[in-house]
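Notes follow once the structure below has been shown.
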Amino acid sequence: MVARRRKRAARDAEEGIPSPPGYSAVPIKFSEEQKASHYLYMREHRVRDGAKSSWPQKRTLFVLNVPPYCTEECLARLLSPCGPVQSVELQGKPELTESPKEPKSKFFHPKPVAGFQVAYVVFQKPKGVSAALALKGPLLVSTESHPVKSGVHRQGCREAGGGGVLPGPWWISDYTDSVLDPEALRVEVDTFMEAYDRKMAEEEAKAKEEEGVPDEEGWVKVTRRGRRPVLPRTEAASLRVLEREKRKRARKELLNFYAWQHRETKMEHLAQLRKKFEEDKQRIELMRAQRKFRPY
Amino acid sequence: MGKTCLQEYQEFGFKHVDILYLRGVLDIQGTCSERQSNQYVSLSLSPQLTDQAWLPAGVRVPLHQVPYTVKGCFRFLPPAQVTVVGSYLLGTCIRPDINVDVALTMPKEILQDKDGLNQRYFRKRALYLAHLAHHLAQDPLFGSVRFSYTNGCHLKPLLLLRPHGKDEHLVTVRLHPCPPPDFFRPCRLLPSKNNVRSAWYRGQSPPGDGSPEPPTPHYNTWVLQDTALQSHVQLLSTVLGSALGLKDGVALLKVWLRQRDLDKGLGGFSGFLASMLVAFLVSIRKIHTTMSGYQVLRSVLQFLATTDLTVNGISLCFSSDSSLPALADFHQSFPVVFLDSSGRLNLCADVTASTYHQVQHEARLSMVLLDSKADDGFQLLLMTPKPMIRAFDHILHLCPLSRLQAACHRLKLWPELQDHGGDYVSAALGPLTTLLEQGLGSRLHLLAHSRPPVSEWDISQDPPKHRDSGALTLGLLLRPEGLTSVLELGPEADQPEAADFRQFWGSRSELRRFQDGAIREAVVWEAGSMSQKRLIPHQVVTHLLALHADIPETCVHYMGGLLDALIQGLKEVFPPTPVWPAYSFHKHFPERASLLPRPDKPCPAYVEPMTVVCHLEGSGQWPQDAEAIRRVRAAFQLRLAELLTQQHGLQCRATATHTDVLKDGFVFRIRVAYQREPQILKEMRSPEGMISLRDTPASLRLEKETKQLPLLTSALHGLQQQHPAFSGVARLAKRWVRAQLLGEGFTDESLDLVAAALFLHPEPFTPPSSPQVGFLRFLFLVSTFDWKNNPLIVNLNNELTVEEQVEIRSGFLATRKQLPVMVIITPQDRKNSIWTQDGPSPQILQQLVVLAAEALPILEKQLMDPRGPGDIRTVFRPPLDMYDVLIRLSPRHIPRHRQAVDSPAASFCRGLLREPGPSSLMPVLGYDPPQLYLAQLREAYGDLALFFYDQHGGEVIGVLWKPTSFQPHSFKASNTKGRMVVSQGGEMVMVPNVEAILEDFAVLGEGLVRAVEARSERWTV
């Protein structure tokens, strides 16, 4: 395997790093000490016609296979020689459809553990994208001028720019982050609930307003809040209704009245017996297979 | 004579193998006749018994001749008659030991009057066999000619003949010499008679005061047994002769006895006894000849379960001859009485009372099982072996056996020794078991003993000595309710029984004054915890054996609490102990009243909070939106913390999902739950506005945590109250599974439930009362249970009826494909097996089954080894050679390092104080760097590899590449994790970037990882 590896390395040197069509591959390593490197696969961010994207066309670089120790800040630093970087966003999966992004609460949605990620890097100018695609690498995540620690000793660069960075090892800083400020939590809960209550109240008011008022075609919407509450529209309720109907029909129906009915029931009975017989046969077969009649 | 023998063989349609044997036997006679004419002409010229110079060099006398001098003469004459006796003739032989018993009737001419005395008959019998052995060994027909003992009785050797080569294990012919009919006068061999004179045996004249010679009941019985071989086989063949059902029944009984190890050795409840018992039940019309095998088995078990032969003996003799001895006479001499049709021979002479009680116990258990309508009754009754180590809670070995000789002298057992011909193990067994039974009293349910197996030896060797025959093994079945007491209460001091009590307990007996004012003799044992109390029998046994039988502690090898050491290391987790963190060891976070780990110190101790689920009362005020409910819950958590701090002064820390509360060094994690939340999470709105309920991962998780887990915990708590050994078994099981690095696949609850199954469905055993036996049965269950075709039904609180169980089984078969590989059904969870939903995978389960099957025999062998178990942790060490990459961790950052199987001699200080500390800051909770590291590895490389780790202080992570991960596949933007593009045959494909990944392992765990060992010879990219 080592020989193969060497061969591959030699070939890489000759032909350049193989990359999938449309992408360019840039090697990335944690530091100088590592011998092997991962490869970033980059291309310009494009969307199909008609689809919208939250990232600006032309200026956005789409990066695949970002290793877990490479944070947003690191990536920004590594790509800054190509041109000023406006923003970097790391995600678990490439984004397929545009979805409205809400800022997620750190209290209720703890950040998941990072694996290999994809990145959307927005440069300030379109030139940055082409410069990045032409990078030769290898990029180094941790250098002497910007040491990055990992494992127990990794620096907490998670809240970089946030100001309140707690120095300390990575897992320790994670733990420190998990000790949250209850006051902030209270504030967040209060604001959310206020908004929620307001929304509910609005909806209720709107429903009240609409109640009994026919729309332009003359239909009146019947709601739960009316004078005579109707059945809730749930699956369970509709199943109950169906069941009741069925029972009612069964009571009315005449069984074994016509000759064909007689015939059919008999046939059905026979078919069922046959089926049961087959099942039993299979079961006995299975039991035979399981039982090893050899006590010791 | 030869002709009759041949006819007999032909009648029973023997195969060619047996015909060979027949020829062999006939050949002996030919050879013997020649010998007769030229060697020994008349008895008067024949040598004395003590003159054994005529014996050829290659053969030794198969008998210990102690004392050597004995009167009488011996010469060899061909047998007067050769008859096949025993089970082969009756057609009730069972595999794998197919024995053909052949009785050789010695001719009258070689026996003398008074041969019944002083072992003369046995000496002659042995010499007769030695002569036969010499000639048969020269015959090329036989593959092996060896000696053994008849039922382990060392005065009665027999000769084993086996065919050549691969037929060797097919059949064994056993030759039993026996005296001519009517040679011995039966009245001389009654149990009250003496046939071994003290003057001869002990080499001293009897005391002159005319005290009678002690009776030798066992010796007499052994002589009588030889005379009765033919009449027994006749009786059995008339009873069983034509009734197929009876034969089936006898065969079933033999299997039943064999599975319980009851039929082995001297004093075993042999298959022959079972046949005679059937004959007895036929004669008293409890069994009819038309009954089926099952009915016979049932009737015999019922009879055994309800009849105590140690008190009320039975007899096959129905004549009212007044010259016959009464049953009471036999009860005086033997513990168990079952007379044959002559009325003079006790068939159960060698059976000890404890063996019979064991038979009774087993019969009772089996009757319960037969009555319980369990659908796998057959399997449990007849197909499950019950070796002693797995059936009894504690095991003890007495070794070396020579100590028992001293014990016999101490217990003054000379008459018994004389009776047993110097077999001190048999002589001491009865008194020793009685002693221990009395001493253990209410702690003991059943005491059983197992003799070493009957040995075989080559004809050129001396018979094995008593002391070389291994060890005497005793099994204790404990009574859990009796185990909790540390006190043996004796009589009041002024009662006459007090002296007996003092004599029995020796120096341990003390006068004590009790709360009710009584002053009594009492013995108090030192035991603090439950696990120590469970080992009080050990103290009792060693004390009593040393006191009364001169057996020092070094000779008693007690196997009861050896595995406890493995789970006591887990004390930091269970049972929970209070923690008092040292403040200087941690970083402080005063505004949140919390302690934090410090980067320059080793990782602090692992503190796992105990989760409390707090259900709030239902109310219409709750919002009907999942996100809003979470906010309201968070508000409750905050309020709870506030109130607990204000009103009770407790240190609290609230988060969005739970509130941690510190109380007296314990940390509780309170989770507020709202009953309707899972329901709301399940609601889905279809495009038409219809609301339907669908399980979602979030709703299932919530339901599990807040609904099913509390139910399960309370059920298991109930079980623990009933069976105090449960927690020990469950902890050992978890410890073992995790030590094998498979802990990730099995949830706590699933292993708890498997352990619970051992207590709720112990058949054919009784519920375990010690962690050791429970763990052995756990391994047995895991390795033999057919997970593919059966659900493991754990009937907590006995809520499932038999009909419901049948329904569950049929439902299981119908939906097998959708269910997880390991299905555990409880009354609360009848369909889904929620605790095994997310694992294990089939491969992991298979690995566990293989490991359990490997571990069980190793551990059992260690525990049954009388010289000591060796290293008991062997089976807890994982095999590491199967992994592709090993990641070695540094102990500095393993918080549970001290819980490791091989407890490290030195580890790091984890910042805990022994005494309660001054103030109260929240300790570091659940901070475990190896687990964080694993989570990161699984997230990043979970597609490519599996990671195995022992969370209880393991120092190594095993990595196994997934078999599919090295297959190249085409480029996909969504699946580039850790892979790289290479061109293969002009095509661009992706393969894992193994070199970079291996370096990543070290990078991600910097500080924690000591070394990454890649065994690159195991894989190719």
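Just so you know, all these numbers are worked out from the coordinates, no wet-lab data involved. No experiment lies behind these values; they were computed from the predicted model shown. Methodologically, a virtual Cβ is constructed for each residue, glycine included, from the backbone with ideal geometry; neighbour enumeration extends over all protein chains shown.
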(request) Determine one quarter of the surface area of the Cα convex hull of the range B:520-560, which equals its mean projected area, and express it in nm² to one decimal. (result) 3.6 nm²
(request) Taking amide H positions as placed in the peptide plane 1.01 Å from N, state which residues far from B:His586 in sequence (5 or more) or on other chains have amide H under 5 Å from it. (result) none
(request) Could you work out how far apart the two model spin labels at B:Gln843 and B:Ala326 are, taking each label as a point 7 Å from the Cα in the direction of the beta carbon, and quote it in nm? (result) 7.7 nm
(message) To the nearest 20 Debye, how big is the dipole of the protein assembly as shown about its Cα centre, given +1 on the beta carbon of each Lys and Arg and -1 on that of each Asp and Glu?
(response) 2060 debye
(message) Just the number: Rg to Rh for the range A:256-295, Cα atoms, Kirkwood Rh, two decimals.
(response) 1.41
(request) Among the trypsin sites (Lys or Arg not before Pro) in the range B:896-974, which ones are in a DSSP loop with at most 16 other Cβ atoms within 10 Å of the Cβ? Mind listing them? (result) B:Arg914, B:Lys972
(message) Within the range A:24-146, count lysine pairs with alpha carbon atoms under 15 angstrom apart where the residues are 8 or more positions apart or belong to different chains.
(response) 6
(message) If I model a spin label as a point 7 Å beyond the Cα along the Cα-Cβ vector, how far apart are those points for A:Lys58 and A:Glu209 in nm?
(response) 4.4 nm
(message) What are the ³J(HN,Hα) couplings of the range B:491-496, residue after residue, when phi is run through the Karplus curve with 6.51, -1.76, 1.60 and θ = phi - 60°? Round to Hz, x for glycine and proline.
(response) x, 5, 4, 8, 6, x
(request) Filter the trypsin sites (Lys or Arg not before Pro) in the range B:55-148 down to the DSSP loop ones having no more than 13 other Cβ atoms within 10 Å, then list what survives. (result) B:Lys114
(request) Starting from the alpha-carbon convex hull of the range B:366-425, give the projected area averaged over all orientations, in nm². (result) 6.9 nm²
(request) With unit charges on the beta carbon (Lys/Arg positive, Asp/Glu negative), name the residue among B:Leu702, B:Leu751, B:Asn798 whose Cα is farthest towards the positive pole of the charge dipole of the range B:679-836. (result) B:Leu751
(request) Can you grab the distance from the C-alpha centre of the range B:85-129 to the C-alpha centre of the range A:237-277, Å, no decimals? (result) 76 Å
(request) For a footprinting-style exposure proxy, rank B:Asp263, B:Asp550 by other Cβ within 10 Å, fewest first. (result) B:Asp550, B:Asp263
(request) Report the far tail of the P(r) of the range B:853-968, meaning the percent of Cα-Cα pairs longer than 25 Å. (result) 45 percent
(request) Go ahead and run the numbers for FRET between B:Leu886 and B:Ala814, Cβ-Cβ distance against an R0 of 45 Å, rounding to 0.05. (result) 0.55
(request) With a cut-off of 12 Å, note down the residues of the range B:858-874 whose backbone N falls inside the zone around a label point 7 Å from the Cα of B:Ala565 toward its beta carbon. (result) B:869-874
(request) Just order B:463-470, B:508-515 by mean Cβ neighbour count inside 10 Å, highest at the front, would you? (result) B:463-470, B:508-515
(request) Counting other Cβ atoms within 10 Å, keep those with at most 15, restrict to DSSP loop, and tell me which GluC sites (Glu not before Pro) in the range B:520-611 are left. (result) B:Glu526
(request) Kindly provide the Kirkwood hydrodynamic radius of chain B in Å, to one decimal, from all pairs of distinct alpha carbon atoms. (result) 34.1 Å
(request) Treat each spin label as a single point 7 Å out from the Cα along the C-beta direction, and report the B:Ala518 to B:Gln675 distance in nm. (result) 5.1 nm
(message) Considering the Cα positions of the protein assembly as shown, please state its Rg to one decimal place and its Dmax as a whole number of Å.
(response) 41.1, 138
(request) Take the cross-link list B:Lys788/B:Lys817; B:Lys71/B:Lys412; A:Lys246/A:Lys266; B:Lys682/B:Lys707 and give me the ones stretching past 18 Å between alpha-carbons. (result) B:Lys71/B:Lys412; A:Lys246/A:Lys266
(request) Rounded to the nearest 500, what is the 222 nm mean residue ellipticity of chain B from helices alone, with -39500 (n - 2.57) per DSSP H run of 4+ residues and division by all residues? (result) -11500 deg cm²/dmol
(message) Based on alpha-carbon centroids, what's the gap between the range B:848-882 and the range B:961-1012 in Å, whole number please?
(response) 37 Å
(message) Between B:Glu497 and B:Asp871, how high is the FRET efficiency from 1/(1 + (r/R0)^6) when r is the Cβ-Cβ distance and R₀ = 41 Å? Nearest 0.05.
(response) 0.30
(request) Please work out the Cα center distance from the range B:360-429 to the range B:633-650, rounded to the nearest Å. (result) 61 Å
(request) Mind giving me the FRET efficiency for B:His588 and B:His648? R0 is 30 Å, r the Cβ-Cβ distance, nearest 0.05 is fine. (result) 0.80
(request) Please state the charge dipole magnitude for the range B:67-222, taken about the Cα centre, from unit charges on C-beta atoms (+1 on K and R, -1 on D and E), reported in debye and rounded to the nearest 20. (result) 300 debye
(request) Could you please rank B:Asp928, B:Asp660, B:Asp786, placing first whichever residue has the fewest other Cβ atoms within 10 Å of its Cβ? (result) B:Asp786, B:Asp928, B:Asp660
(message) If neighbour count is taken as other Cβ atoms inside 10 Å, put B:Ile691, B:Ile957 in order from fewest to most.
(response) B:Ile691, B:Ile957
(request) Would you kindly work out the equivalent ellipsoid of the range A:24-146 from its C-alpha gyration tensor and give its semi-axes, the square roots of five times the eigenvalues, largest first in whole Å? (result) 24, 19, 13
(request) Take peptide A:111-122, look around each residue's Cβ out to 10 angstrom, count Cβ atoms belonging to other protein chains, and average those counts. (result) 3
(request) Can you tell me the dipole magnitude for the range B:660-734 around its Cα centre, using point charges on the Cβ only (Lys, Arg +1; Asp, Glu -1), in Debye to the nearest 20? (result) 160 debye
(request) Let me have the relative contact order for the range A:24-146, percent, based on Cα pairs under 8 Å that are six or more residues apart. (result) 39 percent
(request) Within 10 Å of each Cβ in peptide A:234-244, how many partner chain Cβ atoms are there on average? Round it to a whole number, please. (result) 2
